[in-house]
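Comments concern the structure below.
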Amino acid sequence: LPYSLRVPAKPRNPENNPGRPGELALIRRIRNRALSHSRTGITLGIGDDCALLKLRPGEEAAVTTDLSIAGRHFLLEVHPPEVVGYRTLARGLSDLAAMGARPVAAFVSLGLPRELTVPRGRQSAWVERFYDGLLALADACKTPLAGGDLAQSPVALADIVLVGAVPNGKALLRSGARLGHVIYLTGSLGGAAAGLGLLRGMRGLRIVGGFPAISKKMSDLASAHLHPQPRITQGLWLQRKSMATAAIDLSDGLSTDLNHLCQESGVAAEVDAASLPLHADATLEQALHGGEDYELLFTAAPTVRMPRHIGGVPVTRIGRIVRRRKGAALVTLQTDEGDAPLLPQGWQHFS
Ligand SMILES: [Mg+2]
C-alpha cells in the first residue's frame, strides 16, 4: 500500500495499526521536520490534499521535475544518503536558477526498498538521512518542502518537483541567443566529474548504519560532486538586470548543454578551449563532458559589460555565438591545434 506524507496531524493511534506503525511514525517525523523549516511562499504546506502556493502579482510559475534512480543517478554503496538528498534538491534548484526564477516550494516523492526506511541498530534509517541532506539545502536556499509521497519500491528512486516564480515574460530561456552574442559561464568546470572519480576510487568508505557516511576528507576532496551549489543568486541577478539573452544550467556537461542552447536558439557557437575555467582537479575531458557541475551557461549581447563576479562567483567569457552552417557542428572547440567539432558527449550517468 503506498503511503503518503499527508498524514492527519494526530493520526489515530498508529501503534494499533499492525504492519504500518513504523511507516506512519516515519511519515509523521518527515512531516514535522518539513513544517519546522522555512515556510515563506506557501499558504498551506503538508497536511491537506494539496499545498497552496503564493505567487506575487505579475509573476508566473516555473516548474521543473527530475527523477533520480539508484544505480543510474546515484549509487547506494558510494553516495551517503545525505548526499543523495542534497543532490536531488540541487538538481531542481539548478533548473530554477537557469530560468532566473526564485524558488517557492519543493515536493519530493520517494520509492524505497523497505530496508532503507528502517533504522539499523541505533543509526538513523537511510530515508531520515536523505531528508537531513535535502532539508539542509532547502534551508540554505529558503525553499520549503511543501509535500511529497513515499512508497515501497524494489529500486530506490527520488522524484523532485520544484516550483519557482519569475516576473511575467522575464524568464531566461534557452532560445534567446543571437549571432554575435558572447557566451559566459559561472564557476568552474569538471569538478563534479573529478570528485566522483575520487569518490569511486576511495577505499574503505566510512559506513554508518549500513551506508556510506561523509567524512571530512571525503567532503573536502569531492565537494563539487557531493555538494554542488545551485546558482540561484546568479540566475536571479541576470534576470533582474535583463543581462542574459539565453541561459541553461550545466547538468549534462558543457558539450551537451551548449548544443541544447544552440539548438533552441537556431545558432552555432565557438568555444575557446584556453579560456575554459577548469576546476583544479579536472581534466579538459571532464570539463567538456563531465556533467553535474550545475553552473550557469548564458549568453549576453556584446555591448553588455558583464561583471567578473556575480554574487561572489566568478563569471568567465568562454566563446561566442556564430551563424549556423549547413553540415557543420553546432559547437566548435578552438584550440592551439586548430578547430574541432564539440559533439554532445555528456555524462551518461552510470549507464
Ligand atoms: Mg536544466
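The values are calculated or read from the model by the stated rules, or taken from the named source; none is laboratory data. Keep in mind that this is a model prediction, so the values were computed, not measured. Counting neighbours? That spans all protein chains shown, and the Cβs are built from the backbone with ideal geometry, glycine included. With ligands, DNA and RNA removed, areas are computed over all heavy atoms of the protein, side chains included. Shrake-Rupley method; radii C 1.70, N 1.55, O 1.52, S 1.80 Å.
Panel note: the C-alpha atoms of the range 294-339, placed on their principal axes, show extents of 40, 24, 21 Å (largest first).
Restricting things to Cα coordinates, could you compute the convex hull volume per residue of the range 203-311 in Å³?
Details: hull volume 16.4 nm³, N = 109.
In the range 203-311, the Cα hull volume divided by residue count equals 150 Å³.
With the whole protein complex present, Glu115 retains an accessible surface near 100 Å², based on a 1.4 Å probe. Mean projection of the Cα convex hull over all viewing directions, computed for the range 75-148: 5.4 nm².
Which value, in nm² and rounded to one decimal, describes the direction-averaged projected area of the C-alpha convex hull of the range 80-221? Walk me through the numbers before you get to the answer.
Numbers: hull surface 44.8 nm².
Its Cα hull, projected and averaged over all orientations, spans 11.2 nm².
When the range 103-159 is described by a simple charge dipole with +1 on each Lys and Arg Cβ and -1 on each Asp and Glu Cβ, the residue from Ser153, Trp126, Leu112 located farthest towards its positive end is Trp126. Normalised Debye scattering of the range 133-203 at q = 0.11, 0.13, 0.26 Å⁻¹ gives log10 I(q)/I(0) of -0.62, -0.84, -1.16, counting only Cα atoms as equal scatterers and leaving out solvent. Cross-link reach is defined here as a Cα-Cα straight distance under 25 Å, omitting same-chain residues fewer than 8 places apart; for Lys241 the lysines meeting it are Lys54, Lys142, Lys170.
For Leu35, the solvent-accessible surface with a 1.4 Å probe is about 50 Å², rounded to the nearest 10. Quarter the surface of the alpha carbon convex hull of the range 222-270 and you get the mean projected area, 4.4 square nanometres.
From Cα pairs below 8 angstrom and at least 6 apart in sequence, can you work out the relative contact order of the range 129-287, rounded to a whole percent?
Numbers: 125 pairs, mean separation 57.5, N = 159.
Relative CO of the range 129-287 lands at 36 percent.
Taken about its Cα centre, the chain carries a charge dipole of about 920 debye when Lys and Arg each add +1 at the Cβ and Asp and Glu each add -1 at the Cβ. Estimated at the nearest 10 Å², the accessible area of Thr316 is 30 Å² with a 1.4 Å probe. When all alpha-carbon pairs of the chain are counted, what percent fall beyond 32 Å? Value for the chain (Cα pairs over 32 Å): 34 percent.
Size check on the range 258-320: the Cα extents along the three principal axes, sorted descending, read 33, 28, 21 Å.
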